[in-house]
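Comments concern the structure below.
Rule-based calculations on the coordinates, nothing more; no lab input. This structure is a prediction, so every number in the text was calculated from the model and none was measured. Heads up, the Cβs are rebuilt from the backbone with ideal geometry, glycines too, and the neighbour counts pull from every protein chain shown.
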């Protein structure tokens, strides 16, 4: 869905990779069972992190089950099942639906329109079951659309709206003792995702004449270091709240994602940029 809140699988031993995949497959099976194939294809690592976090915090009753599926038809793979994995799957549908709506409006994308149509009924079920989350996401996204249509909207405001959206879905139980910390984790990650997505998409947005909130910053000499520092700040906000939570189960996986995994795409872009810069310097040296 966003594609940034992912584990560094290469840093995990085989048993821990298997554990993460059981969570990931659990969200996948829940999406299919609760909402059908159209919802299943929206599966993301981002909401697997939420399932991992909530399962660790609340420790609901879990079952490990073997199953074959369309993706892995030859050999059964273990997957986890719990009420909070189901919750993460429902929030996956909610965010995937609004992402399709956003892309349809922003890019006039027929594919996004088709995705929105296929997700309509699953979305309606989730919105009815979780009206608070649905309303918070809807209102934040509508405010985002309004701001993006204004001249030079403040990127901080846009990041905060993204934080509000993710913060809302990170809280399954608003009266719970840990609701505030969970919301803060989601808010920090939401801000990070918004800036990272804009940073990632900048060149493509410029070529296609699309809005990008980082345009006012692009000509700064320190644009890249400024973006890195801003992203670090957002992750620090999420991490500060995360470390308050009394987590033990799967803490290694959660920290792998929060402290390393979220940086994978940024590191790829930075490596590509530095290689391009080196090529340009080499060409100048030869001329």
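Some observations on this one:
- Calculated [θ] (222 nm, deg cm²/dmol) that DSSP helices of n ≥ 4 give over the chain, each run adding -39,500 (n - 2.57): -23500 deg cm²/dmol
- Sequence of 21, 283 once ranked by neighbouring C-beta atoms within 10 Å, starting from the fewest: 283, 21
- Based on Cα contacts under 8 Å between residues 6+ apart, the chain shows a relative contact order of 20 percent.
- Rounded, prolate or oblate (a/c below 1.5 giving rounded, otherwise prolate when a/b exceeds b/c) for the range 7-165 by Cα gyration tensor: prolate
- Compared with the dominant principal axis of the Cα atoms in the chain, helix 14-35 is inclined by about 80°.
- Nearest-ten-degree value, helix 110-129 long axis tilted from longest Cα axis of the chain: 40
- Degrees separating the helix 223-242 axis from the principal Cα axis of the chain, which is the longest one: 20
- Packing-based exposure ordering (other Cβ within 10 Å, fewest first) of 68, 191: 68, 191
- Over the range 1-115, relative contact order from alpha-carbon pairs under 8 Å, at least 6 apart, %: 29
- Distance between the range 207-268 and the range 44-71 - C-alpha centres, whole angstrom: 24
- Shape of the range 123-264, Cα gyration tensor, a/c cut at 1.5: oblate
- Matching label, P(r) over Cα pairs in 10 Å bins from 0, in percent computed from the structure shown, candidates [x] 6, 24, 31, 25, 12, 2, 0; [y] 6, 27, 34, 23, 8, 2, 0; [z] 6, 23, 20, 13, 12, 11, 9, 4, 1, 0: [y]
- The distance between label points at residue 274 and residue 59 comes to 4.3 nm (points 7 Å beyond Cα on the Cα→Cβ vector).
- The range 13-94 shape via C-alpha gyration tensor axes, a/c threshold 1.5: oblate
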